[in-house]
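The values are calculated or read from the model by the stated rules, or taken from the named source; none is laboratory data. None of the values given here were measured: they were computed from a predicted structure. FYI the Cβ positions are ideal-geometry reconstructions off the backbone, even for glycines, and counts take in every protein chain you see.
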2 protein chains.
Amino acid sequence: MASDRALFPEPGHDHGSCIALGFEHAEAACDGRRVRFTPNRRAVFEVLLSDHKPLSAYEIAERIDWRGRKGGPVQVYRALELFETLGLVHRIESLNAYIACSRQDASHGAQFLVCKHCNRVAETCDSRLEKDIQRLAGQAGFQVHAPVVEIKGLCPDCAANANE
Amino acid sequence: MASDRALFPEPGHDHGSCIALGFEHAEAACDGRRVRFTPNRRAVFEVLLSDHKPLSAYEIAERIDWRGRKGGPVQVYRALELFETLGLVHRIESLNAYIACSRQDASHGAQFLVCKHCNRVAETCDSRLEKDIQRLAGQAGFQVHAPVVEIKGLCPDCAANANE
DNA sequence: GAATTATATGTTACATCATTACGAAATTTG
DNA sequence: CAAATTTCGTAATGATGTAACATATAATTC
């Protein structure tokens, strides 16, 4: 069974291109929807892109240079809410935290592998699992709107270290 | 495909026996583990059993008769933490709320169908879905500790009403 | 049964996460 | 430009969750 460790980005990966692609994608998603990619929103998205770890709204607020303005959670939550509707940001329910979407395609389901040790999160899009959820719900006569799948455990690196 | 609507308890079901069985199970689970089913804990569990809807810790605290004592979230969180380790209560991450486990068997995985309209929650234990999660994680070299699966949507009753 | 240990509680204060309200500013539309 | 829409700034508050510490109760050991 081949191991797809690339889901968790390597320490030495080209993060500059992650950021560049992220912005490109975000600007494109905002265009044509009466939605502006304003400085506030850019600031929030930039902080999220700076790392592959989920951040709380307050952490994001702290890392932003507000340039004299007060600037706080309200602004951040407003931007996050927009980004979630655009599919650019995901909320990790079990962490009360937010992470930039790592996929370029349009609206999609997602599952998250959440490392309890290093706190990194990998995003997947597994159609078999999604079908299984539909089957399970269907058996109960339940109409699925939004599945939340957050798998907590140890990422490959931390699992290896734990065994030492 | 047969619809197993019993996952969401009927309005007219014998809730008295839900409560009786719940207490019996909880007391049994506490025995033999240096754990006492104290009045505080009983009060918390009683409130949870009184309904099939998830409740926040503060809602639970409000519904308890503290008999003169101050009594607040601290006591409730302490009881909830214990019950979670015993598998008697589940936390619904996407609601910041807690619900009594609806199964009698020992420690187990669980998935939740969360109705966005009536707020009821059904608990399932689907081995195919659990295997899917193991497969997905295995592909990434990820070691699963605790999968969080909370499927948000409409329960059979609310879905039917929505179509009217 | 007295002393010791482990378990459970009461209380206060605080930390973290999220939203409401409302007026002002900037941008787009006609 | 005027009107409508979108975005922002600011303050206040609500909701959720923990830390710390002294006290009390129950179980165990001697």
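Worth a mention:
- Some residue of the range A:59-76 being buried (at least 19 other Cβ atoms within 10 Å of the Cβ) and in contact with a Lys or Arg (Cβ under 7 Å, 6 or more places away or on another chain): no
- Of the residues examined, A:H117 is not one that is under 15 Å from the mean Cα position of the chain (by Cα), more than 14 Å from DNA strand D (Cβ to nearest atom) and not charged (D, E, K, R).
- Within the range B:17-58, being charged (D, E, K, R) and either closer than 23 Å to B:V74 by Cα or surrounded by 13 or more Cβ atoms within 10 Å (Cβ to Cβ) (or both) holds for B:E27, B:R33, B:R34, B:R36, B:R41, B:R42, B:E46, B:D51, B:K53.
- Against the list (1) within 14 Å of another protein chain (Cβ to nearest Cβ); (2) farther than 26 Å from A:V148 by Cβ, the condition A:I92 fails is (2).
- Check on A:H108, surrounded by fewer than 17 Cβ atoms within 10 Å (Cβ to Cβ), modelled with pLDDT under 95 and away from DNA strand C (no atom under 13 Å from the Cβ): yes
- Residue within the range A:6-16 that is more than 14 Å from every other protein chain (Cβ to nearest Cβ) and surrounded by 14 or more Cβ atoms within 10 Å (Cβ to Cβ) present: yes
- Test: residue in the range B:95-103 that is away from DNA strand C (no atom under 14 Å from the Cβ), farther than 24 Å from A:V114 by Cβ and touching a Leu at 6+ places or on another chain (Cβ under 8 Å): yes
- Top-ranked residue in the range A:142-161 [being within 7 Å of chain B (Cβ to nearest Cβ) and over 21 Å from B:S94 (Cβ atoms); ranked as farthest from the chain's Cα centre (by Cα)]: A:A159
- Conditions (1) within 14 Å of another protein chain (Cβ to nearest Cβ); (2) away from DNA strand D (no atom under 15 Å from the Cβ); (3) surrounded by fewer than 18 Cβ atoms within 10 Å (Cβ to Cβ); (4) under 30 Å from B:P156 (Cβ atoms); number of the one not met by A:G87: (1)
- Check on B:A122, of a type in the set (A, V, I, L, M), at the interface with chain A (Cβ under 8 Å from one of its Cβ atoms) and either over 23 Å from A:A146 (Cα atoms) or under 11 Å from the mean Cα position of the chain (by Cα) (or both): yes
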